[in-house]
């Protein structure tokens with residue numbers, strides 16, 4: 001850890017509020033606000049947008065927790081009660097995206113809303129969530145970085161790196177939204193997936209304290225590593241996101257120059 005931080009924000013009788021849960025709640029509120037404000041600006045009904053946002057958040061959290069628990073089952077097998085303690089941390093970004101997408105797809109079909117446009121509307125809130133939840137990880141003392149021998153602190157601040165990844169992807173999204181207002185629905189979402197996975201896979205993950213996997217070989221020594229599980233799935237996600245962007249452009253008949 002960089003700092004010896006108290007994960008508890010405050011206690012009021014039996015109620016304990018942790019910084020992780022606080023930052024998650026704030027990011028959800030910001031995401032809902034943006035989702036509804038910009039969705040109504042596109043002529044979508046406010047009530048339906050609010051319901052869609054709530055469904056996406058609930059299933060997003062469920063998906064994030066299930067994937068995290070499944071990939072870290074050894075930490076929960078002996079204490080299954082911890083599975084529901086989301087406030088203690090432990091969420092998978094990819095599980096959150098999968099759960100949120102499934103929720104939006106289902107609700108869009110029922111309410112007659114444009115699915116791809118809903119995905120675009122959710123991007124800023126997700127970026128803010130990445131930024132704030134990583135700060136929550138810092139307070140929880142999790143998502144640690146590798147030992148940093150050449151830096152003035154003992155470990156890489158992987159949580160801060162991850163928070164900056166959220167900020168950078170938000171800036172890229174805002175830039176694309178301004179420069180390419182005629183981009184087809186869904187283009188901004190898949191652009192976000194591409195750039196987030198790029199920075200997550202090749203910047204943040206490189207400095208995280210995870211076992212390094214390469215074709216069955218596990219290297220648990222300290223240092224910078226390039227073969228964590230996230231590294232291995234990154235090329236697949238990048239190709240999928242790139243293909244989806246090009247497909248959306250082709251289907252819309254638009255050509256957007258450049259690779260941004």
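The values are calculated or read from the model by the stated rules, or taken from the named source; none is laboratory data. Given the structure is predicted, the values throughout are model-derived calculations rather than measurements. Using ideal geometry, Cβ is built from the backbone for each residue, glycine included, and neighbour counts are taken over all protein chains shown.
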*Given the residues 238, 249, which is the only one that is surrounded by 11 or more Cβ atoms within 10 Å (Cβ to Cβ), modelled with pLDDT of 95 or more and assigned by TED's automatic domain parsing to the domain that holds residue 203?*
238
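Among the residues of the stretch 151-162, are any surrounded by 15 or more Cβ atoms within 10 Å (Cβ to Cβ), part of a loop (DSSP other than H, G, I, E, B) and more than 17 Å from the chain's Cα centre (by Cα)? Write out each step before concluding.
As a first pass, look at the stretch 151-162 and keep what is surrounded by 15 or more Cβ atoms within 10 Å (Cβ to Cβ): 155-162.
Narrowing further to those that are part of a loop (DSSP other than H, G, I, E, B): 156-157.
Subsequent filtering for residues that are more than 17 Å from the chain's Cα centre (by Cα) retains 156-157.
For the stretch 151-162, residues surrounded by 15 or more Cβ atoms within 10 Å (Cβ to Cβ), part of a loop (DSSP other than H, G, I, E, B) and more than 17 Å from the chain's Cα centre (by Cα): present.
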*Can you find a residue in the stretch 54-68 that is surrounded by fewer than 17 Cβ atoms within 10 Å (Cβ to Cβ) and more than 19 Å from the chain's Cα centre (by Cα)?*
no
